[in-house]
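A.B. asks: Please find one structure pasted underneath; my questions will follow.
The values are calculated or read from the model by the stated rules, or taken from the named source; none is laboratory data. Please read these numbers as outputs of a predicted model, since none were measured by experiment. Cβ atoms come from the backbone with ideal geometry, glycine included; neighbour counts cover every protein chain shown. The accessibility values were calculated without ligands, DNA or RNA, using every heavy atom of the protein model including side chains. Shrake-Rupley method; radii C 1.70, N 1.55, O 1.52, S 1.80 Å.
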Amino acid sequence: MRRTTSTTTRTLRRTAKPWLAAAVAATLTLPILAPCASAAGPGPAAGGAPGTAACAYGYTSEATVWFGAGADSGVPNHETRAGCTVMDEIMADAPFTTHGKFVRTVTSVTKDLVRERVLTARERRDIVRAATDSEVGKPHPVTGSRSVDLSRIGLVGYTVRATMPTDAEGTLGALAECGFQNIEPSGAAGNFYGYTAAELAPLTDEAGLEVPSLGVSLSNLQNDVDLVAAEAHAVGAKYVRISGSGSWTLADYSRTAAILNEAGEALGAEGIRVAYHNHGYEFETEEDGVTGYDVLVRETNPEFVTMELDVYWAASTDTSATDLFARYPGRFELLHLKDIAEDGSFADVGAGTIDFAEIFAGATLAGVRYGFTENDQPSPDGVTSACTSLGYLAGLRY
């Protein structure tokens, strides 16, 4: 984990947003993480809180210079003489309004870094080439001519948590009947609505549902990665995701990023990617314009860790999903698709205020591979709510 308190000669500008309180309290919280040797980085500079230095909670130096899928330069994200990293220097002005401005910024920054002997000329060429190949700054308009690929849409099992423990077969069958092809069970390794993954697998198979992702606990990643791998393999999941806590500080988010990197590397060897699912508090925990969510994205290695953006919880803090896509291109392989009503309550997809056409139009920039509909408080029941959301997406043109 890299965190620096060095004085920088290049001013890095971060735009602070007026984060608002989340509309609904989180349904699950975890205790503050205890520091551990493998997860905790060096402490903040004397007399200063975490996040106050120009590059504190910046991009990890353990990754490569990377601008999204198909735009990996392969160049290590070197620390610079300013005490930052190459990605810190390049992305200081993100999001970029045009692709040309982004490429010009990369060209200028890397030229300086060659002069400062941080980069070689060949590394600079590779980084500029990756920037040119990226989606960063390119327009992603809503044209109304594209439809949603329903083979990449699923349901978060939390929506049907009321019936899964007592009638999993009937619930899964009803979801498949209305058109769902995927489901993301949520719980903990060894207990998904009272089932192990191995016990759940024949039921999803019988219903014709794929299981691309599993929701597990942070404790599972910390203490039993082998069990997590076994559970994922049992149902064919390629992703496992966790959630955080509303009580965390930025230092806790930093420690969590280290845990995600370590578990992600171990699970990557098994063909499984780790994802982080947000609520609203990640955007509200903030110091000097840096949020807990910023820490998670910047300090995790894209090779092993991705984000599962819950668009409802982001919207509950006035955070735009498409703004996040532009700021952190390629980092959002999974989405939770749920809508927010005018009063802040949960709504079926399409019945609230979120512009899903805009979100799908930006999916290429975001790197999205799967989207899972969800309603934390479904009405009149989970299956009906889920099928209503899927029906909206089936008719959506973006």
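A.B. asks: Between helix 168-177 and the chain, what is the angle of the helix's C-alpha long axis to the longest principal axis, kept within 0 to 90° and rounded to the nearest 10?
C.D. replies: Roughly 80 degrees, rounded to the nearest 10.
A.B. asks: Which value, in Å² and to the nearest 10, is the accessible area of residue 158 when all protein chains are kept and the probe is 1.4 Å?
C.D. replies: Spelled out: residue 158, probe radius 1.4 Å, area about 60 Å².
A.B. asks: Given a Förster distance of 35 angstrom, what is the FRET efficiency for residue 396 paired with residue 122, based on the Cβ-Cβ distance and rounded to 0.05? Provide the component values of the computation, followed by the final result.
C.D. replies: Values: r = 45 Å, r/R0 = 1.28.
Computed FRET efficiency for residue 396 and residue 122 comes out at 0.20.
A.B. asks: Report, in cubic angstrom per residue, the convex hull volume of the C-alpha atoms of region 199-296.
C.D. replies: Details: hull volume 9.7 nm³, N = 98.
Considering the Cα atoms of region 199-296, their hull volume per residue is 99 Å³.
A.B. asks: Below 13 angstrom from the Cβ of residue 321, what's the summed charge of the other residues (Lys, Arg +1; Asp, Glu -1)? Don't jump to the answer; show the numbers that get you there.
C.D. replies: Numbers: positive: 327, 331, 338; negative: 308, 310, 318, 323, 339, 355, 358.
For residues surrounding residue 321, the net value is -4.
A.B. asks: Skipping prolines and chain starts, which residues have an amide H placed within reach, meaning under 5 Å, of the one on residue 184, given they are 5 or more residues away or on another chain?
C.D. replies: Counting only residues 5 or more places away or on other chains, the set is 155, 156, 157.
A.B. asks: Can you tell which of 133, 112, 72 shows the greatest fluctuation in a Gaussian network model of the chain with Cα springs below 10 Å?
C.D. replies: 112
A.B. asks: Now for a separate question. Of 360, 394, 182, which is farthest towards the positive pole of the chain's charge dipole, taken about the Cα centre with +1 and -1 on the beta-carbons of Lys, Arg and Asp, Glu respectively?
C.D. replies: Projecting each Cα onto the dipole axis, the largest value belongs to 360.
A.B. asks: Right, next: Provide the gained length on full extension for the span residue 178 to residue 384, in nm with one decimal, where the gain is 0.36 nm per separating residue minus the Cα-Cα distance. Kindly include the intermediate steps, with their values, before the conclusion.
C.D. replies: Values: separation 206, 0.36 × 206 = 74.16 nm, distance 0.93 nm.
Taking 0.36 nm per residue and subtracting the Cα distance, the gain is 73.2 nm.
A.B. asks: At a Förster distance of 22 Å, what's the computed FRET efficiency of residue 129 paired with residue 101, Cβ-Cβ distance as r, to 0.05?
C.D. replies: Working: r = 17 Å, r/R0 = 0.79.
Efficiency, from the Cβ-Cβ distance: 0.80.
A.B. asks: So, one more: What is the percent of Cα-Cα separations in the chain that go past 41 Å? Walk me through the numbers on the way to the answer.
C.D. replies: Numbers: 9738 of 79003 pairs.
Of the Cα pairs, 12 percent sit more than 41 Å apart.
A.B. asks: Of all the accessible heavy-atom surface of the chain, with the other protein chains kept in place and a 1.4 Å probe, what percent is carbon and sulfur? Please report the intermediate quantities before stating the final value.
C.D. replies: On the way: 7770 of 15790 Å².
Its accessible area is 49 percent carbon and sulfur atoms.
A.B. asks: Lys and Arg at +1, Asp and Glu at -1: add these up for the other residues within a Cβ distance under 15 Å of residue 188 and post the number.
C.D. replies: Net charge around residue 188: -3.
A.B. asks: If you don't mind, another one. Mark the label point 7 Å from the Cα of residue 376 along Cα→Cβ and return the residues of region 158-201 whose backbone N is within less than 19 Å of it.
C.D. replies: Backbone N within reach: 158-163, 184-188.
A.B. asks: Moving on to the next point. Compute the length gained on full extension between residue 198 and residue 233: take 0.36 nm times their separation in residues and subtract their Cα-Cα distance, giving the result in nm to one decimal. Walk me through the intermediate numbers first.
C.D. replies: Numbers: separation 35, 0.36 × 35 = 12.60 nm, distance 0.88 nm.
Gain on stretching residue 198 to residue 233: 11.7 nm.
A.B. asks: Name the residues whose placed amide hydrogens come within less than 5 Å of the amide hydrogen of residue 214, ignoring near sequence neighbours (fewer than 5 apart) on the same chain.
C.D. replies: Amide H neighbours of residue 214, under 5 Å, 5+ apart: 239, 240, 241.
A.B. asks: Would you report the distance distribution of C-alpha pairs in region 240-398 as whole percents per 5 angstrom bin, up to the bin with the largest distance?
C.D. replies: 2, 9, 18, 21, 20, 15, 10, 5, 1
A.B. asks: Spin-label point model (7 Å from Cα, Cβ direction): what's the residue 303 to residue 226 distance in nm?
C.D. replies: 2.5
A.B. asks: Taking a probe of 1.4 Å, how large is the accessible area per residue of the chain, in Å²? Provide the component values of the computation, followed by the final result.
C.D. replies: On the way: 15790 Å² over 398 residues.
The answer is 40 Å² per residue.
A.B. asks: Using only Cα atoms and rounding to the nearest 10 degrees, what angle (0 to 90) does helix 225-235 make with the longest principal axis of the chain?
C.D. replies: Helix 225-235 sits roughly 50 degrees off the main axis of the chain.
A.B. asks: Taking the Cα centre of the chain as origin and charging only Cβ (+1 Lys, Arg; -1 Asp, Glu), how large is the dipole, in debye to the nearest 20? Intermediate values should be presented prior to the final figure.
C.D. replies: Values: 30 positive and 50 negative charges, 404 e Å.
Rounded to the nearest 20 debye, it is 1940 debye.
A.B. asks: Taking the 0 to 90 degree range and rounding to the nearest ten, how far is the long axis of helix 250-268 tilted relative to the main principal axis of the chain, both from C-alpha atoms?
C.D. replies: Approximately 70 degrees, to the nearest 10.
A.B. asks: Another question, then. Label region 79-120 by shape, choosing from rounded, prolate and oblate, from the square roots a ≥ b ≥ c of the eigenvalues of the Cα gyration tensor; if a/c is under 1.5 it is rounded, and otherwise prolate applies when a/b is larger than b/c, oblate when it is not. Don't jump to the answer; show the numbers that get you there.
C.D. replies: Working: a/c = 3.62, a/b = 1.65, b/c = 2.20.
Oblate.
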